[in-house]
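Asker: Right, I'll just put the structure down here and ask away after.
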Amino acid sequence: MKEAEAKLSDLEERYQHLVEGTHGLICTHDLDGVILTINPSACELLEYESSEIIGRNLRDFIVPSRRQYFHIFLERIRLNAVDKGIMLLAARSGRELTFQYHNIKITQHVERPYVLGHAYDITELTELQEQLKQLTVTDDLTGLNNRRGFLTRANERMTLATRS
């Protein structure tokens, strides 16, 4: 019995280090999106205390322009039991954070099914990609479109004109 208790204690300690020590987002939420648990790093990224997040719907933290699609996310996890993709969340300050997530629906050995989600903050990466994209289509000196930028925009306009 003592050996089993020691093993359980060791597992609990590892779990605590894993969840509390990660720099990403780890949370659980019910199948309606109500947040049940969240790790400290996620609270720090979102600029909230855990008590301000737990009990609220994940939809509340999605950037307003993407909230209309939240039901699709919930439906995919209900049907497929696994879902992954990109999610844009808004920090308290209004800063948009980009997360790459992977969620799984937990149904075994639980009273009520829930979603276990983990996500990586890829905000800096996406911002750098956007800056790099801008550098490829603009002139450093003038800030105007360079040849590549001109051809890209002209092609977009020609396609639009053809459709119209």
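The values are calculated or read from the model by the stated rules, or taken from the named source; none is laboratory data. Quantities reported herein were computed from a predicted structural model and do not represent experimental measurements. Cβ coordinates were reconstructed from backbone atoms using ideal geometry, including for glycine residues, and neighbour counts include every protein chain displayed. What goes into the accessible areas is simple: the full protein's heavy atoms, side chains included, and nothing from ligands, DNA or RNA. Shrake-Rupley method; radii C 1.70, N 1.55, O 1.52, S 1.80 Å.
Asker: Taking the range 54-81, which residues are charged (D, E, K, R) and in contact (Cβ under 8 Å) with a residue 24 or more places away in the chain?
Answerer: Residues of the range 54-81 that are charged (D, E, K, R), as a first pass: 56, 59-60, 66-67, 75-76, 78.
Across the range 54-81, the qualifying residues are Arg59, Arg78.
Asker: Scan the range 3-23 and report the pairs whose first residue is surrounded by 10 or more Cβ atoms within 10 Å (Cβ to Cβ) and of a type in the set (Val, Ile, Thr) and whose second residue is at pLDDT 70 or above and not in a helix (DSSP H, G or I), with Cβ atoms within less than 8 Å and a gap of 6+ or a chain change.
Answerer: Val19/Ile26; Val19/Asn39; Thr22/Asn39; Thr22/His118
Asker: How about the range 64-164: which helices (runs of 4 or more DSSP H) wholly inside it have at least 1 residues that are in contact with a Lys or Arg (Cβ under 6 Å, 6 or more places away or on another chain) and either under 19 Å from Val34 (Cα atoms) or open to solvent by 80 Å² or more (accessible area, probe 1.4 Å) (or both)? Spell out the reasoning first.
Answerer: On the way: elements: 70-80, 123-137, 147-163.
So the answer is 70-80.
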